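*Asks:* I'd like to ask you about the structure that follows.
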Amino acid sequence: MLDLDLSEQIRALRSTFADIRAVVDVDRLTTEISRLSELAEAPDLWDDTANAQKVTSELSHRQAELTTINSIEARLDDLEVLIELANEAGDEDSAKEAEAELLSITAILGELEVQTLLNGEYDSYPAVITIRSGAGGVDAADFAEMLLRMYLRWAEKHNYKVNVLDTSYAEEAGIKSATFEVDAPYAFGTLSVEAGTHRLVRMSPFNSAGKRQTSFAAVEVVPLMPESAAIEIPENDIRVDVFRSSGPGGQSVNTTDSAVRITHIPTGLVVSCQNEKSQIQNRAAAMRVLTSRLLLLQREEENAKKKELAGNITASWGDQMRSYVLAPYQMVKDLRSEYEVNNPSNVFDGDLDGFIAAGIRWRKSAETS
């Protein structure tokens, strides 16, 4: 007979789960699912395609959240039964299965616990991410493309819906900039910790002297606001330019001038979109991103004014928030949370969850202190 005792670990998991369940507020979540289900069943739902997509997407996210909560509760119950059966039967295989299940549940609860820290005003919204190459010439453009692939792979691993709105390719290699949407539960709150300056140190394949080179790329993350939160933008405040969509090397991928670039004259903000097939669709998508950026800018200005009045102006995010070192040693390190790993290949392949979780905890700690 085995003596597998995981009671203490299970008690700790149940305590953590109870805290998560309270924060999620399952009763409120169930009520919200019922409300959205009624809207989704309305016969005229698809008369307004944009609203229909919003309702069905939100319903899917809420249902997935509730399914995860119910699944964890059932798995905890099953785990206790599995341990009891393993001990009674003296089954080593069942004991190993129980220990593996304990680790799996612990990991899932860790992710959910981080999500409970996402209680900012815009944290639950989808995110719009823009990556721009910085200092470092061709190497920086290549680095920007590496970051784009990294985030797309991360989203793919989580089955998150991604829509690339615009990509500006560099002349020799890489990209000058790229903008894409991530439509997932708490996408903005999750990915906002990725905003800042990223630094790459490596033996550059574009350096003819074969020397080590440092290059930079900037990552901007803004919430994608719902249409109901839209602000009025006077027509005379924007300049709209249309151009032909193109791919790497200037090869045309669209024979009409369907791509749209919108410049907000008062602030100088520029948004481009060339992913959609028509100029009208590209303009609508670009206007939505511009609205999101203006709303966030407005919020930042209000917060800055409050800090100025309070006499406490401090930078919450410094430059070079993360370093990717490929030579002379291998390491990726977040300079805020001190979280680091020694396998850059995995990170560039989308293994970002550890950095994101550490960043969210770091931010919460900074806000509390």
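The values are calculated or read from the model by the stated rules, or taken from the named source; none is laboratory data. Here the structure is a predicted model, which means the values were calculated and not measured. In this analysis, Cβ positions are derived from the backbone assuming ideal geometry, glycine residues included, and neighbour counts consider all displayed protein chains. Just the protein is used for accessible areas: all its heavy atoms, side chains included, with ligands, DNA and RNA removed. Shrake-Rupley method; radii C 1.70, N 1.55, O 1.52, S 1.80 Å.
*Asks:* For helix 26-40, what angle does its Cα long axis make with the longest principal axis of the chain, in degrees from 0 to 90 and rounded to 10?
*Replies:* With both axes taken from Cα atoms, the answer is about 50 degrees.
*Asks:* Lys/Arg Cβ at +1, Asp/Glu Cβ at -1, dipole of the chain taken about the Cα centre: which of N275, V182, A209 is farthest positive-ward?
*Replies:* Farthest towards the positive end: A209.
*Asks:* With every protein chain present, what is the per residue accessible area of segment 323-369 (1.4 Å probe, Å²)? Write down the numbers at each step before the final one.
*Replies:* Details: 2330 Å² over 47 residues.
Ligands and nucleic acids excluded, the result is 50 Å² per residue.
*Asks:* Follow-up. Take every Cα-Cα distance within the chain, group them into 10 Å bins from 0 onward, and report for each bin the whole-number percent of pairs it holds.
*Replies:* Histogram of Cα-Cα distances, whole percents per bin: 5, 19, 27, 25, 16, 7, 2, 0, 0.
*Asks:* Taking θ = phi - 60°, what integer Hz values does the Karplus form 6.51 cos²θ - 1.76 cosθ + 1.60 yield along segment 213-220, in sequence order, with x for Gly and Pro?
*Replies:* Once rounded to whole Hz, the list reads 9, 10, 9, 10, 8, 9, 10, 10.
*Asks:* Something else: Can you give the charge dipole size of segment 136-192 about its Cα centre, rounded to the nearest 20 debye, using +1 on the beta carbon of Lys and Arg and -1 on the beta carbon of Asp and Glu? Before the final figure, lay out the partial values.
*Replies:* Working: 5 positive and 9 negative charges, 63 e Å.
It works out to roughly 300 debye.
*Asks:* Measure off, as a whole percent, the carbon and sulfur share of the 1.4 Å-probe accessible area of segment 100-245, all protein chains present.
*Replies:* Values: 3130 of 6530 Å².
Of the solvent-accessible surface of segment 100-245, carbon and sulfur hold 48 percent.
*Asks:* Quick one: if you stick a label point 7 Å off each Cα along the C-beta vector at L297 and W46, how many nm between them?
*Replies:* Going by the 7 Å Cα→Cβ label model, 3.8 nm.
*Asks:* Taking the chain as the reference, fit the longest principal axis to its C-alpha atoms, fit the long axis of helix 137-157 to the helix C-alpha atoms, and give the angle between the two in degrees, 0 to 90, nearest 10.
*Replies:* 40
*Asks:* Right, something else. Can you sort W362, W46, W154 by 1.4 Å-probe accessible area, starting with the largest?
*Replies:* Values: W362 70, W46 145, W154 10 Å².
Accessible-area ranking of W362, W46, W154, largest first: W46, W362, W154.
*Asks:* Continuing with the same structure: Pairs to check: K161/K333; K176/K364; K176/K211; K176/K277. Give those whose C-alpha atoms are more than 25 Å from each other in this structure. Can you show the working numbers first?
*Replies:* Numbers: K161/K333 28 Å; K176/K364 32 Å; K176/K211 23 Å; K176/K277 22 Å.
In this structure, K161/K333; K176/K364 lie more than 25 Å apart at Cα.
*Asks:* Moving on. Just E340, E111, E97 to compare: in a GNM of the chain, with alpha carbon springs under 10 Å, which one fluctuates most?
*Replies:* E97
*Asks:* Could I ask something else about it? Tell me the per residue accessible area of segment 2-153 using a 1.4 Å probe; a whole number in Å² is fine. Each step should come with its number before you reach the end.
*Replies:* On the way: 8120 Å² over 152 residues.
I get 53 Å² per residue for segment 2-153.
*Asks:* Starting from 0.36 nm per residue, how many nanometres of slack lie between A12 and Q63 once their C-alpha separation is accounted for?
*Replies:* Details: separation 51, 0.36 × 51 = 18.36 nm, distance 2.62 nm.
Gain on extension, A12 to Q63, equals 15.7 nm.
*Asks:* With a sphere of radius 14 Å drawn around the Cβ of I33, what net charge do the other residues whose Cβ falls strictly inside it have (Lys, Arg +1; Asp, Glu -1)?
*Replies:* -4
*Asks:* In deg cm²/dmol and to the nearest 500, what is the mean residue ellipticity at 222 nm of the chain if only DSSP H runs of at least 4 residues count, each as -39500 (n - 2.57), divided by the residue total? It would help to have the intermediate numbers written out before the result.
*Replies:* Numbers: 9 runs with 177 residues, N = 369.
Calculated from helices alone, the mean residue ellipticity at 222 nm is -16500 deg cm²/dmol.
*Asks:* Sticking with this one: Taking +1 at the Cβ of each Lys and Arg and -1 at the Cβ of each Asp and Glu, which of M146, N163, G136 sits farthest along the dipole of segment 132-171 towards its positive end, judged by Cα position relative to the Cα centre?
*Replies:* Final value for the positive-end residue is N163.
*Asks:* Right, next: Stretched out fully, how many nm does the piece from E84 to N163 gain, at 0.36 nm a residue minus the Cα gap? Intermediate values should be presented prior to the final figure.
*Replies:* Numbers: separation 79, 0.36 × 79 = 28.44 nm, distance 4.77 nm.
Stretched out fully, the E84 to N163 stretch lengthens by 23.7 nm.
*Asks:* In a Gaussian network model over the chain where Cα atoms closer than 10 Å are linked, find which of A107, A358, A42 has the largest mean-square fluctuation.
*Replies:* Taking springs between Cα atoms under 10 Å, the residue moving most is A42.
*Asks:* So if I place +1 on the C-beta of Lys and Arg and -1 on the C-beta of Asp and Glu, and nothing else carries charge, what would the dipole magnitude of the chain be about its Cα centre? I want it in debye, nearest 20.
*Replies:* Details: 36 positive and 60 negative charges, 444 e Å.
So the dipole magnitude of the chain works out to roughly 2140 debye.
*Asks:* Just to be sure I understand the curve: with the Debye formula and one point per C-alpha of segment 99-237, what is log10 I(q)/I(0) at q = 0.17, 0.18 Å⁻¹?
*Replies:* One equal scatterer on each Cα of segment 99-237 leads to -0.98, -1.03.
*Asks:* If I compute solvent accessible area with a 1.4 Å probe over the protein chains, what percent of it on segment 1-44 is carbon and sulfur? Mind dumping the intermediate values first?
*Replies:* On the way: 1480 of 2990 Å².
Carbon plus sulfur share of accessible area: 49 percent.
*Asks:* Under a plain spin-label model, where a point goes 7 Å from the Cα along Cα-to-Cβ, how far apart in nm are D93 and E121?
*Replies:* 5.8
*Asks:* Using a basic spin-label model with each label point 7 Å from the Cα along Cα→Cβ, how many nm lie between D19 and Y329?
*Replies:* Rounded to a tenth, the inter-label distance reads 3.3 nm.
*Asks:* Further question on the same structure: Over the chain, with a Gaussian network built from C-alpha contacts below 10 Å, which listed residue (A22, A209, A40) shows the highest mean-square fluctuation?
*Replies:* A209
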